[in-house]
Amino acid sequence: MKANEDKNIEKLIDHLMKDTTLASPSFDFTSKVMSQVIANKTSAATTYQPLISKQTFIAIFIGLAVLIAYVLWNGTAASNNRLLHLNYNLLTNFNPIKTWQFSTITTYTVVLTTIMLCIQIPLLKNYYDSKFEA
Amino acid sequence: MAKIEDQHYINLILNGNPNAFTTLVDRYKDMVYTLALKMVTNKEEAEEIAQDTFIKVFRSLEKFKGESKFSTWVYKITYNTCLDSLKKSKREKKTSYIEDFSEHQVKELESVLDTIDEKERNQVIQDCLEELPNDEAFLLTLYYFDDQSVDEISKVMNNSVSNIKVKLFRTRKKLASILKERLEPEIVEYYESERR
């Protein structure tokens, strides 16, 4: 009897729900979703990403720590000996300005290029600043 | 023309064509919106939830591995988004009527519903669905509108198959109770006309 009753309720609800229809969102629903989706996609492309990732930083730190630990652990005698044998004469006698000769044209070119570069730096900076502010 | 598989559009999107998402939105927007509407019963909020759902779907499309149907996955995200929204606003509908029906009473309800015109009947059913607790209205919508199997519904609602079956049974009964209460005047009228 009870099972029969349940069957009847099931039939009734099945029959009623068959005729009902789905509700629809506003007509511009798809365009609203798509504009948000596209906005999200472009913002993901311009979001700041560090040049050196977290993993690289961790690797560098571990490497440094290992290096420091190694130096501290393995005594200092070897490094002292190496310093004593360095020959600094080559460095003090090396003076390229004395030996190299520049033509006047090269000098003018280098000076002019430097001046032009100095003018361009603030111009380029302004250009990129205004581009990213917008 | 045969319906092109959802997976085809998913592949297009993953290969850098976000506009292919339009087809998927158009395909599922009514169902997602209706499900949300059954949970929150406020049109503006339901539309917001539906939008959030599609944005979440788009963002996590890479995580969809095709283990279940795409629709099942979308409805699961809809369900969780609705639960989040309800949790934020701390709202929950509670209806507790369940009564026993005799076969005669069920027949009587059916006859009364048959006497009112289709538009009005639709409205009555929608109103009664709104009175159901959130997740039960959601369950009925999934079961009847999208022909989802009990197995798929259990995945969407994160519940066991046997639990969903029990819930489904109880929800049908609850809906019948609400209908009966709402149609009380019509039932009396129907009886009187029968007697005459």
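The values are calculated or read from the model by the stated rules, or taken from the named source; none is laboratory data. It should be emphasised that the depicted structure is a prediction, and the values quoted were computed from it without experimental measurement. As a convention, Cβ positions derive from the backbone with ideal geometry for all residues, glycine included, and neighbour counts pool all protein chains shown. Surface accessibility is based on the protein's heavy atoms, side chains included, excluding ligands, DNA and RNA. Shrake-Rupley method; radii C 1.70, N 1.55, O 1.52, S 1.80 Å.
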Quote the Stokes-Einstein diffusion coefficient, in whole µm² s⁻¹, for the stretch B:6-89, based on the Kirkwood radius over alpha carbon pairs, a temperature of 37 °C and a viscosity of 0.692 mPa s.
-> 252 µm²/s
Please give the average number of partner chain Cβ atoms lying within 10 Å of the Cβ of each residue in B:18-28, rounded to a whole number.
-> 3
In nm, to one decimal, how far is the A:MET116 label point from the B:PHE169 one, both placed 7 Å along Cα→Cβ?
-> 8.8 nm
B plus A alone minus the pair: what accessible area, both sides summed, probe 1.4 Å, in Å² to 100?
-> 3600 Å²
At R0 = 41 Å the Cβ-Cβ FRET efficiency linking A:GLU10 and B:LYS63, nearest 0.05, sits at 0.65
Estimated distance in nm for a label pair at B:LYS87 and B:ILE116, the labels positioned 7 Å out from Cα along Cα-to-Cβ = 3.7 nm
Could you give the length gained on full extension between A:THR109 and A:LEU123, defined as 0.36 nm per residue of separation minus the Cα-Cα distance, in nm?
-> 2.9 nm
Just tell me how shielded A:27-37 is by partners: mean number of partner chain Cβ atoms within 10 Å of each residue's Cβ, no decimals.
-> 6
